[in-house]
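Colleague: One structure coming up, written as C-alpha cells, with questions to follow.
Every number in this text was worked out from the coordinates using simple rules, so none of it is lab data. Just so we're clear, the structure is a prediction, and the values are computed from it rather than from any experiment. Cβ atoms come from the backbone with ideal geometry, glycine included; neighbour counts cover every protein chain shown.
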Amino acid sequence: MKGLKLGSKIIFFINSLVAFLLLISYVLPYIPPNNFASLSVLSLGVPLLILFNIIFFLYWLLRVKKQLLLSLFVLLLGWNHINSMYHFSSSEHVKDDSDFSVMSFNVRLFNKFEWLPKKTIKEDILTFIKKEQPDILCLQEYRTSEAIDLEGYFSFNAKPTKGVKGGQAIFSKFSIVNSGSLEFPNTYNNAIFVDIVKQKDTIRVYTMHLQSSGIQTDVEKLKEETSDHLFKQVRTTFKAQQDQVELYLKHKSKSHYKTIVTGDFNNTSYSYIYRKVKGDDLKDTFEDEGEGFGRTYDFKFFPMRIDFILADKDFIVNSFKTFDVKLSDHYPIKTTLKLP
C-alpha cells in the first residue's frame, strides 16, 4: 500500500476484507450447513458483497490505482455468481405448439392475516392466474381450507388430501397419473409431486416450501431483533433445510422421468441447499432466459431471489418472467419450456 494516504489505506483495508468474504462465499455451496452452519449464513449476504466489490473497483478505477485489481480479480473469479444475481439479456423465441408454461407462486395464505391492506387479494390472485393461464401451476403457502377451483385443470392437494399436509398445491392442464407428498418432520413445510403426461412424455413436477428463517422484512421490527438471535435462527433454519433436501434427493433418485422442480427454497442461489437441489441434471430457468435481478421476495435491503423453477437439462428454456405484482410477500415467476 505504498504511496497511499492514511484514508486510502483504511479504504483498501475494508476493500480487502469485503473481497475476502466474497471469495469465501464461493465455496459455501459445497459446505453442508450441518457441518458449518455459521459459515453458511454468509450466503445470504452475497449480493451485497458483490455490490460492494463493484463499488470498490469503480472507486480505484476513477483514481487510476492498481488496487482496483483486487476486487476485479475476485469478481471475475465468481462471474457465475454475478450471472445468478443479475441476468443481462434474454433472447427472442418463436412460440410453437410444443411449448408449455410453468408458474410458481408463494401466495402467502391468500393474505389470511391481512399483511397487505387490500381485502380482495385472493380474488386478485385468481384473476392474475386466469389471465396468465400457465399450463402447470405450483403454489406454496396455499390454504386447502380456502380451496380455489380452476376450470380446465387437474390438481393435487388443491383440496384437503388425506395424509398430506396443506400448504402446497399443483394444478396442471395435462393429465396427472401419479402424485404424492414428502412430509418433512417437525415442521408445517413439505414437498409434493405429480407425474403428468404431455403427449408421449411423462414429466415429474415437484413443488416445495423449505424451512423458513422467519426473519422480519419490516425494518423497524428487524431492528428489535438481536444479531445473536438472528444468527442462531438462520443457522437452525439452514440445518433443517439440509435435512429436507436430503429427503427430496432420496425420493427423486427413484424416478427416471425428466424433472421440473419449483418452489420457495427460503435460500439463495449461492447456497449449499440450492446447489444440492439443482444437482448436475437441472438448470435454473432464470439464468437461461431471465432479465434483471429476478427478485422474487419483497426484502427491503437488496433484491433476493429465493423462488426457483429448475428444469431438466433436456428442456429448452424459451422464456422466463418475474411478475411485478404485489399480491404476496413473494412475486410469481413463470417459464416457458419445450422438449426437443
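Colleague: At 7 Å along the Cα-to-beta-carbon direction for both GLU146 and GLN199, put a label point, then send me their distance in nm to one decimal.
Modeller: With each label placed 7 Å out from Cα toward Cβ, I get 3.9 nm.
Colleague: Find how much the distance from PHE113 to LEU247 grows on full extension, using 0.36 nm per residue of separation minus their present alpha carbon separation; answer in nm with one decimal.
Modeller: The PHE113-LEU247 span can extend by a further 45.1 nm.
Colleague: Could you work out how far helix 121-132 tilts from the main Cα principal axis of the chain, as a 0 to 90 degree angle to the nearest 10?
Modeller: So the inclination is approximately 80 degrees.
Colleague: What is the sum of charges, Lys and Arg at +1 and Asp and Glu at -1, for the other residues whose Cβ falls under 15 Å from the Cβ of THR259?
Modeller: +3
Colleague: Please give the length that would be gained between TYR257 and PHE36 if that part of the chain were fully extended, namely 0.36 nm times their separation in residues minus their C-alpha to C-alpha distance (nm, one decimal).
Modeller: Full-extension gain reported as 76.2 nm.
Colleague: Taking neighbour counts of Cβ atoms within 10 Å as a proxy for exposure, in what order, fewest first, do PHE231, PHE265, PHE174 appear?
Modeller: PHE231, PHE174, PHE265
Colleague: Filter LYS283/LYS334; LYS159/LYS276; LYS200/LYS283; LYS122/LYS159; LYS232/LYS334 down to the pairs with a C-alpha to C-alpha distance above 25 Å, please.
Modeller: In this structure, LYS159/LYS276; LYS232/LYS334 lie more than 25 Å apart at Cα.
Colleague: Once you place label points 7 Å from the Cα toward the Cβ at LEU126 and VAL177, how far apart are they in nm?
Modeller: Taking the two extended label points, one gets 3.3 nm.
Colleague: Grab the other residues whose beta carbon is less than 10 angstrom from that of LEU137, score K and R as +1, D and E as -1, and report the net.
Modeller: Neighbour charge sum, excluding LEU137 itself: 0.
Colleague: While we're here: Quick check: the angle from helix 6-25's long axis to the longest principal axis of the chain, C-alpha only, nearest 10 degrees?
Modeller: Between the helix axis and the principal axis of the chain, the angle is about 30 degrees.
Colleague: Looking only at VAL107, VAL277, VAL74, which one moves most when the chain is put into a Gaussian network model with springs between Cα atoms under 10 Å?
Modeller: Judging by the Gaussian network model, the answer is VAL74.
Colleague: Taking just the alpha-carbon atoms of the stretch 50-209, what radius of gyration and Dmax come out, in angstrom?
Modeller: 22.0, 67
Colleague: Can you work out the PRE-style zone for LEU339? Point 7 Å along Cα to Cβ, and I want the residues of the stretch 247-264 with backbone N under 16 Å.
Modeller: Of the residues in the stretch 247-264, 255-261 have backbone N under 16 Å from the label point off LEU339.
Colleague: A further question on this structure: Quick one: Kirkwood hydrodynamic radius for the stretch 1-135, alpha-carbon pairs, angstrom, one decimal?
Modeller: Evaluated over the stretch 1-135, this radius sits at 19.3 Å.
Colleague: Output the Kirkwood hydrodynamic radius of the stretch 6-85, Cα pairs only, in Å rounded to one decimal. Write down the numbers at each step before the final one.
Modeller: Working: mean 1/r = 0.0760 Å⁻¹.
So the Kirkwood estimate lands at 13.2 Å.
Colleague: On full extension of the chain, what length is gained from LEU23 through LYS2, given 0.36 nm per residue of separation minus the C-alpha to C-alpha distance?
Modeller: Additional length available on full extension: 5.1 nm.
Colleague: How many nm is it between the label spots at ASP329 and PHE13, if each spot is 7 Å from the Cα in line with the beta carbon?
Modeller: 3.8 nm
Colleague: Moving on. Taking the Cα centre as origin and putting +1 on Lys and Arg beta-carbons and -1 on Asp and Glu beta-carbons, what dipole magnitude results for the chain, to the nearest 20 debye?
Modeller: 960 debye
Colleague: Going by alpha carbons, how many degrees (0 to 90, nearest 10) lie between the helix axis of 46-62 and the longest principal axis of the chain?
Modeller: Compared with the principal axis, the helix lies near 40 degrees.
Colleague: I'd like the Kirkwood hydrodynamic radius of the stretch 252-327, using the inverse of the mean 1/r over distinct C-alpha pairs, in Å.
Modeller: It is 13.4 Å.
Colleague: Continuing with this model, one more query. With viscosity set to 1.002 mPa s and temperature to 20 °C, compute the Stokes-Einstein D of the chain, Rh being the Kirkwood radius across alpha carbon pairs; µm²/s, no decimals. Before the final figure, lay out each step's value.
Modeller: Details: Rh = 21.3 Å.
After rounding, the answer is 101 µm²/s.
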